[in-house]
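Q: Input: one structure, supplied below.
The values are calculated or read from the model by the stated rules, or taken from the named source; none is laboratory data. All of these numbers come straight from a predicted model, not from anything done at the bench. We place every Cβ from the backbone using ideal geometry, glycine too, and count neighbours over all the protein chains shown.
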Amino acid sequence: MKTSDVIAILKKIEETRKEVEDYIKKEIKEDYLLEEISKINNEIALFLISNIEKSSEITHIFKPKSIEEYYDLIKEKIILGSHSEIIINEANRIREKFVKDEWDIDKIYYPHDFDDYKNNSWKYIHVAKEIEKHVRDKIKYISEPDDIIYPAPKILEQGYGDCDDFTVLLSSLFRSLNFKVCIGFIKNHIFSSLVLPSAEVYEDEKTKINIKYVIVPVDNIRFKLRYFKEEITIYDFLDFFSNFRERLINLILEGKLEIMEEIIKIKDKLSYYNEAKYFPIPPLEYKEIKECMKINDLVAKVISDIDLIIKYKYEN
Amino acid sequence: MKINYKDIEEKIINLIYKPEYLGFIDIFTLKIIFKDIDIKELLRYLKKDGWEIKENYLFNKNILKKIFYEEREKLKKEILDIDNKINLYKKFEESLDNIKEKWLNNFKDNLFIENLINKFFLNKFNRINENINNLINRKKENEKIINTIEEKYRKLFK
């Protein structure tokens, strides 16, 4: 099956699923039936998707004419991957280490109050961190001379891939857990990215919650800092209550100010990702991406927050 | 050792309340269960206490009436529940058929997908039919038991 055929069929499956869903809501009055028939409607969509995946063994060889065409291909592959049972199971195995009970990611995207965010954010951010670590441990990076994108379960099975394979696999795993996912393109590189909330920057007037969304490139971003034995990842900046932040403040209070210079260097390095063009993976939308902070802005905000905390501590 | 027939009567009552006895027990079974007891003496005692023997069955009319009535009502209620469930399955089948048509209609130009849709729904319909058949069999079984009960009741109360 040709790539364009697969994409057309996938689109049609999703359109039909929605069309039938509307029909069910309109025509079926009994709650019990409504629920059961809706379930079957979703089941048939997944059944068709997984069969298309199996039958086509989708190994696309292509030369995209534009970045948009490339995005379309990768997007469909991610959507397909995120519905694969193998990917769903793999993602859930990882997430169960941190969130054993109910997986409700809206707790951090749309928290009821700040405590809700505070109590849950670290767990969900750690799941994202662990998924990236898991994939980088398990999948070997190889540079492919040809432009082949494998389906996510295939990448997992073969244990190697290039940057587009990493993008497909990581994004599929994230999407299967309802993370907000986008993909970043920069020069000859493509990478998966997450839209994650961070307790920074502004206070929502209505909810009084201090949340801003950040585009987090999932691109093996790690730093070695003096005074820190373990490597620092980008996720440590996101977690407002992380040990990393606390230790950072303590180090500065101890007079080890040079650590701030290193953090500023990190911020500068991260500005590389500002040049990237980000594309959403549905249900994430373009407008949501536009409202997001860039990762280096987050680090800049962390720096200024730490300044404020230190000033406050000195004054008191 | 003196035999306490009152205790044995209690044991028989407990026994005939079980669904497999339905309020009466045949003398042969009674002899097997109480093989160490003089059955003639036991029956003499029981008869004094309102028990009867008909068609080789031992029963107590009052208890039998109660058990028959309760059992019949229980089975009738079950039949009603089964009917409701069957109706629900039929409605479910109807709705499923409608959404199957919608899916097929959208993919009528693609034989591969069409076959997959048919395969998926065939599996669903088979399962529903299997459930409906099981329910129908249960209903038939209940009806059969009611008939047997009523027939027995008529014979023993004649």
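Q: Is it the case that B:Arg154 is loosely packed, with under 12 Cβ neighbours inside 10 Å and more than 10 Å from chain A (Cβ to nearest Cβ)?
A: Details: loosely packed, with under 12 Cβ neighbours inside 10 Å: yes; more than 10 Å from chain A (Cβ to nearest Cβ): yes.
Against the criterion (loosely packed, with under 12 Cβ neighbours inside 10 Å and more than 10 Å from chain A (Cβ to nearest Cβ)), B:Arg154 qualifies.
Q: May I pose another question? Please state which one of A:Glu21, A:Glu36, A:Glu15 is out of contact with any helix residue (DSSP H, G or I) (no Cβ under 7 Å at 6 or more places or on another chain) and surrounded by fewer than 18 Cβ atoms within 10 Å (Cβ to Cβ).
A: Details: A:Glu21 fails: out of contact with any helix residue (DSSP H, G or I) (no Cβ under 7 Å at 6 or more places or on another chain); A:Glu36 fails: out of contact with any helix residue (DSSP H, G or I) (no Cβ under 7 Å at 6 or more places or on another chain).
So the residue among A:Glu21, A:Glu36, A:Glu15 that is out of contact with any helix residue (DSSP H, G or I) (no Cβ under 7 Å at 6 or more places or on another chain) and surrounded by fewer than 18 Cβ atoms within 10 Å (Cβ to Cβ) is A:Glu15.
Q: Select from the stretch B:1-26 the residues that are of a type in the set (Val, Ile, Thr), over 24 Å from the mean Cα position of the chain (by Cα) and exposed (fewer than 15 other Cβ atoms within 10 Å of the Cβ) and list them in ascending order.
A: Step one: list which residues in the stretch B:1-26 are of a type in the set (Val, Ile, Thr), which gives B:3, B:8, B:12-13, B:16, B:25.
Pick out the ones that are also over 24 Å from the mean Cα position of the chain (by Cα) and you get B:3, B:8.
Matches in the stretch B:1-26: B:Ile3 only.
Q: Of everything in the stretch A:109-123 that's touching a residue at least 60 places away in the same chain (Cβ under 8 Å) and in a helix (DSSP H, G or I), which residue is farthest from the chain's Cα centre (by Cα)?
A: It comes out as A:Phe114.
Each row is one residue, and each column tells you yes or no for (1) assigned by TED's automatic domain parsing to the domain that holds A:Pro217; (2) in a helix (DSSP H, G or I); (3) in contact with a Cys (Cβ under 9 Å, 6 or more places away or on another chain).
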position: A:Phe241; (1), (2), (3): yes, no, no
position: A:Phe244; (1), (2), (3): yes, yes, no
position: A:Arg247; (1), (2), (3): yes, yes, no
position: A:Ile252; (1), (2), (3): yes, yes, no
position: A:Gly255; (1), (2), (3): yes, no, no
position: A:Met260; (1), (2), (3): yes, yes, no
position: A:Lys265; (1), (2), (3): yes, yes, no
position: A:Ile289; (1), (2), (3): yes, yes, yes
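Q: Is one or more of the residues making up the stretch B:29-39 surrounded by fewer than 17 Cβ atoms within 10 Å (Cβ to Cβ), touching a Phe, Trp or Tyr at 6+ places or on another chain (Cβ under 9 Å) and in a helix (DSSP H, G or I)?
A: Residues of the stretch B:29-39 surrounded by fewer than 17 Cβ atoms within 10 Å (Cβ to Cβ): B:29, B:31-39.
Those still in the list that are touching a Phe, Trp or Tyr at 6+ places or on another chain (Cβ under 9 Å) too: B:29, B:37.
Next, from what is left, pick out any that are in a helix (DSSP H, G or I): B:29.
Yes: the stretch B:29-39 contains one or more residues that are surrounded by fewer than 17 Cβ atoms within 10 Å (Cβ to Cβ), touching a Phe, Trp or Tyr at 6+ places or on another chain (Cβ under 9 Å) and in a helix (DSSP H, G or I).
Q: Okay, moving on. What is the one condition in (1) out of contact with any Leu (no Cβ under 8 Å at 6 or more places or on another chain); (2) crowded, with 19+ Cβ neighbours inside 10 Å; (3) at pLDDT below 85 that A:Asp116 does not satisfy?
A: Only one criterion in (1) out of contact with any Leu (no Cβ under 8 Å at 6 or more places or on another chain); (2) crowded, with 19+ Cβ neighbours inside 10 Å; (3) at pLDDT below 85 is unmet by A:Asp116, namely (2).
Q: Anything in the stretch A:269-288 that is buried (at least 18 other Cβ atoms within 10 Å of the Cβ), within 14 Å of the chain's Cα centre (by Cα) and not hydroxyl-bearing (Ser, Thr, Tyr)? List them, or say none. Steps first, please.
A: Initially, the stretch A:269-288 is screened for residues buried (at least 18 other Cβ atoms within 10 Å of the Cβ), giving A:270, A:273, A:276, A:278-281, A:284.
Narrowing the set further to residues that are within 14 Å of the chain's Cα centre (by Cα) leaves A:278-281, A:284.
Within the stretch A:269-288, A:Phe279, A:Pro280, A:Ile281, A:Leu284 meet the criteria.
Q: Pairs under 8 Å by beta carbon, first residue within 14 Å of another protein chain (Cβ to nearest Cβ) and farther than 15 Å from B:Asn133 by Cβ in the stretch B:74-97, partner of a type outside the set (Lys, Arg) and outside any helix (DSSP H, G or I), six or more apart or different chains?
A: Going by the 8 Å Cβ cut-off, the qualifying pairs are B:Lys91/A:Glu30; B:Ser95/A:Ile28.
Q: Given the conditions (1) within 11 Å of chain A (Cβ to nearest Cβ); (2) in contact with a helix residue (DSSP H, G or I) (Cβ under 6 Å, 6 or more places away or on another chain), which single one is not true for B:Leu135?
A: Of (1) within 11 Å of chain A (Cβ to nearest Cβ); (2) in contact with a helix residue (DSSP H, G or I) (Cβ under 6 Å, 6 or more places away or on another chain), only one is false for B:Leu135: (1).
Q: Residue by residue through the stretch A:1-48, note down the ones that are at the interface with chain B (Cβ under 7 Å from one of its Cβ atoms) and not in a helix (DSSP H, G or I).
A: Residue satisfying the conditions is A:Ile28 alone.
Q: On the basis of being basic (Lys, Arg), more than 30 Å from A:Glu15 (Cβ to Cβ), assigned to a helix (DSSP H, G or I) and modelled with pLDDT of 90 or more, does B:Lys74 make the cut? Walk me through it before giving the result.
A: Values: basic (Lys, Arg): yes; more than 30 Å from A:Glu15 (Cβ to Cβ): yes; assigned to a helix (DSSP H, G or I): yes; modelled with pLDDT of 90 or more: yes.
Judged against the criteria, B:Lys74 is a match.
Q: Sticking with this one: If you go through the stretch B:98-112, how many residues are outside any loop (DSSP other than H, G, I, E, B), at pLDDT 90 or above and either on the phi > 0 side of the Ramachandran plot or facing chain A (nearest Cβ under 8 Å) (or both)?
A: Narrowing the stretch B:98-112 to residues outside any loop (DSSP other than H, G, I, E, B): B:98-106, B:111-112.
Right, trim to at pLDDT 90 or above and you get B:98-106.
Right, trim to either on the phi > 0 side of the Ramachandran plot or facing chain A (nearest Cβ under 8 Å) (or both) and you get B:98-99, B:102-103, B:106.
Number satisfying all stated conditions: 5.
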